[in-house]
Amino acid sequence: AGRAGRAEKKGEVLIETHFPDHPILAWLCQHNYHGFVQWALNEREKAGLPPYRAFAIIRAEAKNQAKALDFLHQVSERLLPHSPENPAILGPFPALMTKKLGFFRASLILSWPNKQIRHQSLFTLIPKIEKIKASSLRWHLDLDPIQID
């Protein structure tokens, strides 16, 4: 739709749906951006999603799937409960694309009430994570992830 029409040339966008009465379509057809944004933000707040929560994902990769999952279990069970700002935890779980380039991948999703609390928590957490004995394992931290996988 973003490429439909140019300058004075009118464009046309066709939308195919199983839900023609959905409020989002009404807002789109009425050019009611404000109504849509208010609805979307309300839904995100109820679901505990950004911008109402601050997310981070710890991802681990290993040649053995159990090693990646075990590393993330250690983070969630040993370190996070003792964190000064205890985050909500989801996982660990295998990534959607479980194996990539010979490495098994797994993720641990964390969320905090805001970014300041997230940063304070991670400041104390990261040095502890680095002390976990995890040979032949790679891990990284993704702040404000675009993808959950």
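The values are calculated or read from the model by the stated rules, or taken from the named source; none is laboratory data. Everything numeric in this text was worked out from a predicted model, so none of it was measured. All Cβ positions, glycine included, derive from the backbone under ideal geometry; neighbour counts span all protein chains shown. All accessible areas refer to the heavy atoms of the entire protein, side chains included, with ligands and DNA or RNA removed. Shrake-Rupley method; radii C 1.70, N 1.55, O 1.52, S 1.80 Å.
Take the solvent-accessible surface of the protein heavy atoms, probe 1.4 Å, and return the percent of it on the chain that carbon and sulfur atoms account for.
Of all accessible area on the chain, carbon and sulfur atoms account for 57 percent.
For the stretch 1-85, what is Rg from Cα atoms divided by 2.2 N^0.38 Å, rounded to two decimals?
Ratio of Cα Rg to 2.2 N^0.38 Å: 1.85.
Stretch SER135-ASN42 to full length: gain in nm at 0.36 nm per residue minus the Cα-Cα span?
Working it through step by step, the gained length comes to 29.1 nm.
Quick one: what do you get for the stretch 45-101 if you divide its Cα Rg by 2.2 N^0.38 Å?
1.31
When the convex hull of the Cα atoms of the chain is projected onto a plane and the area is averaged over all directions, what value comes out in nm²?
12.8
By average Cβ neighbour count within 10 Å, what is the ranking of 119-127, 40-48 from highest down?
119-127, 40-48
If packing is taken as the average number of other Cβ atoms within 10 Å across a peptide's residues, how do 15-22, 130-137 rank, most packed first?
The packing order, highest mean first, is 130-137, 15-22.
Take ASP149 and LYS100, extend 7 Å from each Cα along the Cα→Cβ direction, and tell me the distance between the two endpoints in nm.
0.7
When ligands, DNA and RNA are left out and all protein chains stay put, how many square angstrom of accessible area per residue does the stretch 53-126 have with a 1.4 Å probe?
Computed with neighbouring chains in place, this is 50 Å² per residue.
Give the lysines reachable from LYS46 as a straight Cα distance under 19 Å; neighbours fewer than 8 places away on the same chain don't count.
Filter leaves LYS115.
Mind giving me the nanometre distance, one decimal, between the label points for GLN74 and ILE117, set 7 Å out from Cα along Cα→Cβ?
2.8
Give me Rg/Rg_expected for the stretch 83-134, where Rg uses Cα atoms only and Rg_expected = 2.2 N^0.38 Å with N residues.
After normalising by residue count via 2.2 N^0.38 Å, the value is 1.36.
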